[in-house]
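Written out below as structure tokens is the structure these notes cover.
No lab work stands behind these numbers, since they all come straight from the coordinates. As the structure is a computational prediction, the values presented were derived from the model and not from experiment. In this analysis, Cβ positions are derived from the backbone assuming ideal geometry, glycine residues included, and neighbour counts consider all displayed protein chains.
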Amino acid sequence: MSGVTVRARYDLGAMPLGRAMRTVDDGFVRAPMQSVFEIVRDVEHWPAHLAHYRFVRFRERSSDGGGIVEMSANRPFGLFNWPTWWLSEMQVIGGATPAVRFRHIGGVTKGMDVEWRFESRDGGTRVELVHAWDGPHWPLIGVFAATVVIGPVFVHGIATRTLAGLARVAERP
């Protein structure tokens, strides 16, 4: 953590409504909500748990455990991996209804909002991972690229693997 500044937490607000692209990945994890939340919020350890994550680095830390985080993951296509990269503001929300929020501030997905939501259920936790975005600022094709390629192929492809992988970690005895 040396060389990384610590600042007040980011307040990313509620997830925006009415974005052109919205992906939702969800699942049931057979582990207590607090355990699942702790694993998700510990983004620096994702590469140790998830083979498709190349790296996660904090550029700046905030008092809630979030900050500015740089992430890179591969999107597998058969034998090949397509490398992706993004930079995000990260907010960690504790309490009775915990959440982890991101807003992409760098990379192709700049402007994308992301939220991990957790709900305690009998026998475990329901997790919902939401991505909302209006697409890249590319004339004529930005929304098309977001809704037809980037969202369903890349975002959903990486998010499903991330959710399933972190669920496996949480469910370990």
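Among the residues of the stretch 118-140, those that are acidic (D, E) and in contact with a strand residue (DSSP E or B) (Cβ under 8 Å, 6 or more places away or on another chain) comprise E119, E128, D134. Taken over the stretch 140-152, the criterion of being surrounded by fewer than 19 Cβ atoms within 10 Å (Cβ to Cβ), in contact (Cβ under 8 Å) with a residue 12 or more places away in the chain and not β-branched (V, I, T) is satisfied by P152 alone.
Contact annotation: residue pairs with Cβ atoms under 9 Å, 6 or more positions apart or on different chains, pairing a residue in the stretch 153-167 that is in contact (Cβ under 8 Å) with a residue 60 or more places away in the chain and closer than 12 Å to L129 by Cα with a partner that is in a helix (DSSP H, G or I) and among the small types (G, A, S), are V155/A146. Reported count of residues in the stretch 112-138, each being surrounded by fewer than 17 Cβ atoms within 10 Å (Cβ to Cβ) and either without any contact (Cβ under 8 Å) to a residue 60 or more places away in the chain or among the aromatic types (F, W, Y) (or both), is 3.
Results for (1) over 20 Å from E115 (Cβ atoms); (2) among the small types (G, A, S); (3) touching a residue at least 12 places away in the same chain (Cβ under 8 Å), shown as yes or no for each residue.
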{"residue": "Y10", "(1), (2), (3)": "no, no, yes"}
{"residue": "R41", "(1), (2), (3)": "no, no, yes"}
{"residue": "P47", "(1), (2), (3)": "yes, no, no"}
{"residue": "R54", "(1), (2), (3)": "yes, no, yes"}
{"residue": "V69", "(1), (2), (3)": "no, no, yes"}
{"residue": "S72", "(1), (2), (3)": "yes, yes, yes"}
{"residue": "P83", "(1), (2), (3)": "yes, no, yes"}
{"residue": "I105", "(1), (2), (3)": "no, no, yes"}
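Residues in the stretch 8-56 that are exposed (fewer than 14 other Cβ atoms within 10 Å of the Cβ) and farther than 20 Å from V127 by Cα: A8, D11, G18, A48, A51, F55.
In the condition set (1) in contact (Cβ under 8 Å) with a residue 40 or more places away in the chain; (2) more than 20 Å from R161 (Cα to Cα); (3) of a type outside the set (S, T, Y), D25 is compliant with all but (2).
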